[in-house]
Amino acid sequence: MLKQAGLYEKTEQLEKAEANYDKLIELYPDEIVADDAYFKLAKLYEDKLAQPEKAKELYEQIIYNFADSIYFVEARKRFRALRGDAIN
């Protein structure tokens with residue numbers, strides 16, 4: 001489902017990509033792919049769907065629930081930028 005969502009993004013089928021990421025988060029919230037789905041969905045909202053509030057919520061989920069994720073540092077940086085913090 002994660003790979004399929006990535007393909008949907010590449011072919012600009014953004015609603016289908018969003019649905020796949022949402023389904024992954026819903027069905028596998030504690031699995032190894034969950035942080036991938038959260039991060040990629042947040043980037044989709046931030047970059048392509050122009051919904052920064054939804055992106056901010058998803059980045060926040062990574063920060064609080066996936067502290068050991070490889071996306072943690074980037075999620076924190078993007079969350080702070082969306083929140084309006086001054087980043088050095």
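So for the chain, considering every pair of alpha-carbon atoms, how many percent are separated by more than 19 Å?
Values: 1349 of 3828 pairs.
Tail fraction, whole percent: 35.
Normalised by the residues of the chain, what does the relative contact order come to in percent, with Cα pairs under 8 Å and at least six apart?
Computed value for the chain: 19 percent relative contact order.
Evaluate the charge dipole of segment 2-83 about its Cα centre and quote only its size in Debye, nearest 20, assuming +1 on the Cβ of each Lys and Arg and -1 on the Cβ of each Asp and Glu.
340
I need the calculated FRET efficiency for the pair Asn65 and Gln13, taking r as the beta carbon distance and R₀ as 25 Å, to the nearest 0.05.
Numbers: r = 28 Å, r/R0 = 1.12.
Taking R0 as 25 Å, the efficiency between Asn65 and Gln13 is 0.35.
Kindly rank 63-70, 11-18 from highest to lowest mean number of other beta carbons found within 10 Å of each residue.
11-18, 63-70
What's the FRET efficiency of Lys48 with Asp22 using the Cβ-Cβ distance as r and R₀ = 22 Å, to the nearest 0.05? Before the final figure, lay out the partial values.
Numbers: r = 15 Å, r/R0 = 0.69.
For R0 = 22 Å, the calculated efficiency reads 0.90.
Label 7 Å along Cα→Cβ of Asp30; segment 59-88 residues with amide nitrogen under 12 Å?
No residue passes the distance filter.
The numbers here are math on the coordinates, done by the rules we state, and not lab data. In this text, all values refer to a predicted model and were calculated from it rather than measured experimentally. Glycine also receives a Cβ, built like all others from the backbone with ideal geometry; neighbour counts cover every protein chain displayed.
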